[in-house]
Amino acid sequence: MNYKTDPFTYEVIKDSLISTGEEMFIALAKTSMSPIIYEVLDYACGLTDKKGELVTLGNGVTGFIGMLSFMVKETLETYGDDIHEGDVFLINDPYNGGGSHLCDVGLVLPIFQDHELVAFVANKAHWTEVGGKDTGSMSTNSTDVYQEGLQFPCIKLFDKGIENKAIIKIIESNVRFPKLSIGDMRAQIASLKTGEKRIQGLCKKYSTESILESMDRFLNQGEALTIKEIEKLPNGTYKVESLIDDDGITDNQIPVQLKLTITDKEFICDFRGSSPQVQGPINSSYTGLVSAVRTIFLAITNPSQEVNDGSFRPLKIITDDGSIISAKRPAPVSMYWESMLYGTELIWQAMAPVIPDRLTAGHLLSVCVVIMGGKLPDKNENFLIVEPSVGGWGASNSFDGDTGQFCISDGETFNVPIEIAENTYGVQVEEYAMRTDGKGAGQFRGGSGVIRTYKAMTDG
């Protein structure tokens, strides 16, 4: 393909686009209110082209790899020509538009240059609270999504630069920690404005035409690199079945299955035949499944490759609507990762015997989230801990398993440091240590699990 932009200028523009995603990521961490964002880094920021194709993604939760572009495409489908300069869209719908669970709230901002739509910036962050029946808005026993909190079905938070104050009032009146939720929302807006400023600056410096062409070129490059890696994999069809322990409501095991087909140019994941959506809150949205599959797909093909939607063009994901990994309203989803991770796990099981040098014997198959609330001991205020836990990963054929690592869908995240936890929450951390049992002895042992013990300093 012939491009007007010379290769040297293209490389500069490409790296500038990548750094825009990283700068948005840093801006959100520096301005957020909640430790789940500024310490754990439970969020993601990205840039898409004007059609909603992901161009760059800042580091963070890999579980959001399949969600930002869906948010933008939902915005385009919902509003069409009614997208203007100064608009900001709010969305957390688990069933449409890049949703996961209600706590993961997304914002989308269109970027205009000389009144022409050129791109979108989007981010998705875990809010400490979005209401619902349980503090923290994550329930282990919800039976429908209406128990889990506020739902935002792609609505305008800002319309041509004018804030919708009614939405702010609704949020403030329905969440238990309004300062945190509204503060994090404003941090997300600041992050998007940072991305908007950078892209507009690039358009002025190199021309809008060069930026648009470079985005398209970067996507095509991602596709070409991925196809080269797929060609190295053995062609074939691999079938795997597994069972999820239960859904939190019943004790019934839940079947999931995969037929994986690899050709010279495609990686086809067919999850049809997996269980229908269940009563308990472990159902995953389709975009949750997409994120899980994309994460392991990158690990198998080219983990050092820059993430964009071009690199996922050879990846095909098929499933049944209304299944546990493609749930429909009103299925509860607050603990969605418990099924979402099986999108990763089934591919892992299928491919580990085929490419043992790339995949270990296993991984931590849960976020193992900690949710604990109460009263601060020295003031009449509430606190809420929300954070993932770490554990051990399986060994490989050449080295011991990793110790103290998050699950694969958590990506570049961290837990809250003890000093921050004790200073921010009404708790004392009594122990934070590696387990000394259950490592899986052998030539190369599995990674150790982790113990983290909290002591509540108040009764309430």
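The values are calculated or read from the model by the stated rules, or taken from the named source; none is laboratory data. Because the structure is predicted, anything quoted here is derived from the model rather than measured. Because the Cβ atoms are built from the backbone with ideal geometry, glycine has one as well, and the counts that use them run over all protein chains shown.
Which count do you get for residues in region 40-55 that are surrounded by fewer than 24 Cβ atoms within 10 Å (Cβ to Cβ) and either under 11 Å from the mean Cα position of the chain (by Cα) or of a type outside the set (Gly, Ala, Ser) (or both)? I'd like the intermediate steps shown before the answer.
Step one: filter region 40-55 for residues surrounded by fewer than 24 Cβ atoms within 10 Å (Cβ to Cβ), giving 40-41, 49-53.
From the residues that got through so far, the ones that are either under 11 Å from the mean Cα position of the chain (by Cα) or of a type outside the set (Gly, Ala, Ser) (or both) too are 40-41, 49-51, 53.
Number satisfying all stated conditions: 6.
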Answer with yes or no whether Leu225 is surrounded by fewer than 22 Cβ atoms within 10 Å (Cβ to Cβ), at pLDDT 95 or above, among the aliphatic types (A, V, I, L, M) and part of a strand (DSSP E or B).
no
Looking at (1) touching a His at 6+ places or on another chain (Cβ under 6 Å); (2) part of a loop (DSSP other than H, G, I, E, B), which is the only condition Ile36 fails?
(2)
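Residues checked against (1) assigned to a loop (DSSP other than H, G, I, E, B); (2) among the hydroxyl-bearing types (Ser, Thr, Tyr):
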{"site": "Pro303", "(1), (2)": "yes, no"}
{"site": "Ser311", "(1), (2)": "no, yes"}
{"site": "Pro330", "(1), (2)": "yes, no"}
{"site": "Glu338", "(1), (2)": "no, no"}
{"site": "Glu345", "(1), (2)": "no, no"}
{"site": "Ala361", "(1), (2)": "yes, no"}
{"site": "Leu364", "(1), (2)": "yes, no"}
{"site": "Val386", "(1), (2)": "no, no"}
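Sort through Gly86, Gly136, Gly63 and tell me the only one that's within 20 Å of the chain's Cα centre (by Cα), assigned to a loop (DSSP other than H, G, I, E, B) and in contact (Cβ under 8 Å) with a residue 40 or more places away in the chain.
Details: Gly86 fails: within 20 Å of the chain's Cα centre (by Cα); Gly63 fails: assigned to a loop (DSSP other than H, G, I, E, B).
From the options Gly86, Gly136, Gly63, the qualifying one is Gly136.
Does Glu209 satisfy the criteria of being among the charged types (D, E, K, R), under 25 Å from Glu116 (Cβ atoms), more than 22 Å from the chain's Cα centre (by Cα) and part of a helix (DSSP H, G or I)? Write out each step before concluding.
Working: among the charged types (D, E, K, R): yes; under 25 Å from Glu116 (Cβ atoms): yes; more than 22 Å from the chain's Cα centre (by Cα): yes; part of a helix (DSSP H, G or I): yes.
Against the criterion (among the charged types (D, E, K, R), under 25 Å from Glu116 (Cβ atoms), more than 22 Å from the chain's Cα centre (by Cα) and part of a helix (DSSP H, G or I)), Glu209 qualifies.
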Here's a check for you: in region 132-146, which residue that is closer than 13 Å to Val175 by Cα and out of contact with any Ser or Thr (no Cβ under 6 Å at 6 or more places or on another chain) is surrounded by the most Cβ atoms within 10 Å (Cβ to Cβ)?
Ser137
Can you name the residue in region 93-120 that is in contact with a helix residue (DSSP H, G or I) (Cβ under 8 Å, 6 or more places away or on another chain) and of a type in the set (A, V, I, L, M) and, of all such residues, is farthest from Cys154 (Cα to Cα)?
Val118
What number of residues in region 150-175 are part of a loop (DSSP other than H, G, I, E, B), crowded, with 17+ Cβ neighbours inside 10 Å and either among the acidic types (Asp, Glu) or touching a residue at least 60 places away in the same chain (Cβ under 8 Å) (or both)?
2
Is one or more of the residues making up region 231-245 assigned to a strand (DSSP E or B), in contact with a Lys or Arg (Cβ under 6 Å, 6 or more places away or on another chain) and of a type outside the set (A, V, I, L, M)?
yes
All but one of (1) out of contact with any helix residue (DSSP H, G or I) (no Cβ under 6 Å at 6 or more places or on another chain); (2) not in a loop (DSSP other than H, G, I, E, B) hold for Gln279, so report the exception by its number.
(2)
